[in-house]
Amino acid sequence: MNTHKCPTMEEYRELLKKHSLKATPQRLAVHEAMIELGHASADMVTEKIKANGTAKVTLASVYNILTHMAMLKVYNYRLSANNKMYFDVNTFKHIHLYDQENHTFRDVVDDELVALLESYLSRKRVKGYKIESIDIQLVARPTKKRYLA
């Protein structure tokens, strides 16, 4: 699997099989929506599935599928500043840019910076802790206002 892409539908089916889960229409619709959205809350995924007309889902079932996939490390998740859970279809090492005005996430893929930070932190000790992973989030605001016509 390419380390800089989310799982394709076929790879997702294989991940489901690996975890002894059925490739239900709901699970497939959730992943299809996540591929399109990248980072999304359960309500965003539910809206996308309903707009696509790919499966009948409820907000609760979508949230349960997203949470289950996050527990299995198929997706990552993060809490935004507006206390909403967002799921990320990309589980490879990358940096997040959080737009605090629009409450959206974007991936920043910079392997060199991530490797530099990992190398630096592997030589540092934090008393009483062992660093298991690095999760970098840049918090930003858009530089230009977009006016509606």
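The values are calculated or read from the model by the stated rules, or taken from the named source; none is laboratory data. Bear in mind the structure is a predicted one, so any value in this text is a computation, not a measurement. FYI the Cβ positions are ideal-geometry reconstructions off the backbone, even for glycines, and counts take in every protein chain you see. The accessibility values were calculated without ligands, DNA or RNA, using every heavy atom of the protein model including side chains. Shrake-Rupley method; radii C 1.70, N 1.55, O 1.52, S 1.80 Å.
Figures for the structure shown
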quantity: Helix-only CD estimate at 222 nm, as mean residue ellipticity for the chain, using -39500 (n - 2.57) per DSSP H run (n ≥ 4); calculated: -12000 deg cm²/dmol
quantity: Carbon plus sulfur fraction of accessible area for the chain, probe 1.4 Å, in percent; calculated: 54 percent
quantity: Surface per residue (accessible, 1.4 Å probe) for the chain, Å²; calculated: 69 Å²
quantity: GluC sites (Glu not before Pro) lying in DSSP loop within the range 60-140, provided at most 16 other Cβ fall within 10 Å; calculated: Glu101, Glu132
quantity: Solvent-accessible surface ranking, highest first, for Ile134, Ile49, Ile65 at 1.4 angstrom; calculated: Ile134, Ile65, Ile49
quantity: Computed magnitude of the charge dipole of the chain (debye, nearest 20; Cβ of K, R +1, Cβ of D, E -1); calculated: 360 debye
quantity: Nearest-10 value in Å² for the accessible area of Glu14, using the 1.4 Å probe; calculated: 90 Å²
quantity: Calculated semi-axes √(5λ) of the Cα gyration tensor in Å (choose from (1) 26, 17, 14; (2) 70, 26, 15; (3) 28, 22, 14), label; calculated: (3)
quantity: The range 37-113: C-alpha pair distances exceeding 15 Å, %; calculated: 57 percent
quantity: In Å², nearest 10: area of Ser122 left accessible to a 1.4 Å probe; calculated: 70 Å²
quantity: Dipole magnitude (debye, nearest 20) for the range 1-78, charges at Cβ of Lys, Arg, Asp, Glu; calculated: 220 debye
quantity: Heavy atoms of Lys84 accessible to a 1.4 Å probe, total area in Å² rounded to 10; calculated: 70 Å²
quantity: Dipole magnitude (debye, nearest 20) for the range 86-149, charges at Cβ of Lys, Arg, Asp, Glu; calculated: 340 debye
quantity: Overall form of the range 1-72 per C-alpha gyration tensor (a/c, 1.5; a/b vs b/c); calculated: prolate
quantity: Charge-dipole axis of the range 1-87 as Lys and Arg at +1 and Asp and Glu at -1 on Cβ define it, positive-most pick from Val74, Thr8, Ala42; calculated: Val74
quantity: Helical segments meeting 20 Å axial Cα length and Kyte-Doolittle 0.0 threshold in the chain (DSSP H); calculated: none
